[in-house]
Structures are given as structure tokens and as C-alpha cells.
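See structure below.
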Amino acid sequence: MSIDDHRRRRRIQRHNVDYEIASRNVASQTTGQDPYSAALLGQRLTAIHAAISTLSSRDADLIRRRHIAQETYAEIAAAMGMSSNHVGVALLRAERHLQLLLSRQHAGLFD
């Protein structure tokens, strides 16, 4: 296994942990909400996580870094070897692709 493969696996593991932490944080914020709203939020999180996992590794990494790890464009650019402007463009494309996947696979869940 090359060092790049090792780093990629570590990064994926870290992002999966970040997703679990984010899910727990959201779950703790739904305490006191009606059960329907809490269940709907859980379904949305599951759908989003599943859709992200079907994206290309670069697109998934961009979305996870920006929206789960809450890294800045500059941090993402440094980690991924891109310019900040390229991060913005690539992230927008990845977000549009994710939105398209979600609208196709889960019509009505995000209305």
C-alpha cells in the first residue's frame, strides 16, 4: 500500500467520524422537537451521507471538508493542492451534483 493510499484511507476514516459526530450534534439539537421532525431530519442526514458516498472521491472530499469539517477554502486548497478559486468552482460543481442526486433518489424528502 502506498503512502497516498494510506493517507486517503485515514482521511475517509476521519470524515466518517466527523459525520457521526455531526449526526450526534444534530440529534442532540432535536431534543424537544416533535418525533416527526426528528425522524425526518434523521432520514435527510442518512440520504445525504449515502449520496455523498456515491460522488467521486474528490467531490466527496470537498463536500466533507467544507460542510462537515467546516474547513475554509484556503485550508481545503492547501490540503488538496488547489487554488482557493479552484476550490470554490469545484465545490459548487460538487454541490450541484449532490443536489441532483438527492432530487433524483429522494424526491419529496427535501421539499
Please return the ranges of helices (runs of 4 or more DSSP H) entirely within segment 47-111 where 3 or more residues are in contact (Cβ under 8 Å) with a residue 24 or more places away in the chain and either surrounded by fewer than 16 Cβ atoms within 10 Å (Cβ to Cβ) or charged (D, E, K, R) (or both). 57-63, 84-105
Criterion (at pLDDT below 80 and under 15 Å from the mean Cα position of the chain (by Cα)) met by exactly one of Ala22, Ala47, Ala90: Ala22
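The values are calculated or read from the model by the stated rules, or taken from the named source; none is laboratory data. The structure presented is a predicted model; accordingly, all values stated were derived computationally and were not measured. With ideal geometry, Cβ positions are generated from the backbone for all residues, glycine too; neighbour counts draw on all protein chains shown.
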